[in-house]
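Novice: One structure, as C-alpha cells, below. Some questions next.
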Amino acid sequence: MKATFGAGCFWCVEPVFQKLNGILSTSVGYAGGSSENPTYDDVCSGQTGHAEVVQIEYDPLKISYDELLDTFWNNHDPTTLNRQGPDIGTQYRSLIFFHGSEQETSAKASKEKLENSDKYHKKIVTEIVPALQFYKAEDYHQRYYEKCGLA
C-alpha cells in the first residue's frame, strides 16, 4: 500500500518513516503542483505549487495507516502554515495526500482527534487532499541522510 505525506523538508521526513517496521520503501519527491516533471530548483522557487513529500510503500499487515499518521503528526508542527523550522514556503506545507476513501476517513479522523486534544493551542493547518501525480525527486535527494552519514 501507498501513503504520501508532506511535513517540511523531505530530507528530514524520509528517515523518520524508513525506521518503522513494515516500511517496504520510501521515495522523496514533489506533489500538489501545477507543472509536469518539476525539478528541485523549480519547486524551491515556490512558483509550481508543489510540496516536498515522501511517498511510502508499506505492508499493512506489519504497520497500519493509523500508525503512519501518528508518526506524521508527531514529527512536525502541523500548526505552522508553509513552514517547518527554518524552511519557509508553500513547498514545506503540512499535508496528507490520501490514496482512497479509507485513508481519507482515517486522515480526517486523526486530524480531528488531534484538534480536540490539548497538544496544540493553535489551529492545525494540515491539508488533506486526494493523491495527485507524484514526481520522484532527483537521485541525490533519495535517502539523503544515509548518503551524508546522518541516518
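Novice: Determine the alpha carbon to alpha carbon distance for each of K62/K122; K19/K147; K2/K111; K19/K136 and list only those over 24 Å.
Specialist: K62/K122
Novice: If you don't mind, another one. Name the longest site-free stretch of the chain, where the excluded sites are GluC sites (Glu not before Pro) in a DSSP loop with no more than 15 other beta-carbon atoms within 10 Å.
Specialist: 37-137
Novice: Quick one: which residues, 5+ away or cross-chain, put their amide H under 5 Å from the amide H of S94? H built at 1.01 Å from N.
Specialist: Amide H neighbours of S94: N82, R83, E127.
Novice: Taking 0.36 nm per residue of sequence separation and subtracting the Cα-Cα distance, how much length would be gained by fully extending the chain between Y145 and D59, in nm to one decimal?
Specialist: Length gained, Y145 through D59: 28.6 nm.
Novice: What does the convex hull of the alpha-carbon atoms of the range 2-147 project to on average, in nm²?
Specialist: 8.3 nm²
Novice: Ok, one more. Only Cα pairs within less than 10 Å get springs; with that Gaussian network setup on the chain, which residue of G22, G33, G100 has the largest fluctuation?
Specialist: Comparing G22, G33, G100 in a Gaussian network model of the chain, the most mobile one is G100.
Novice: With both bridge residues required to lie in the chain, what share of the DSSP beta bridges run antiparallel, to the nearest 5%?
Specialist: 85 percent
Novice: While we're on this one: Between Q47 and S117, take the C-beta separation as r, use R0 = 25 Å, and let me know the FRET efficiency to the nearest 0.05.
Specialist: 0.10
A short reminder: the numbers here are calculations on the coordinates, not readings from a lab. Computed from a predicted model, the values in this text were never measured in an experiment. FYI the Cβ positions are ideal-geometry reconstructions off the backbone, even for glycines, and counts take in every protein chain you see.
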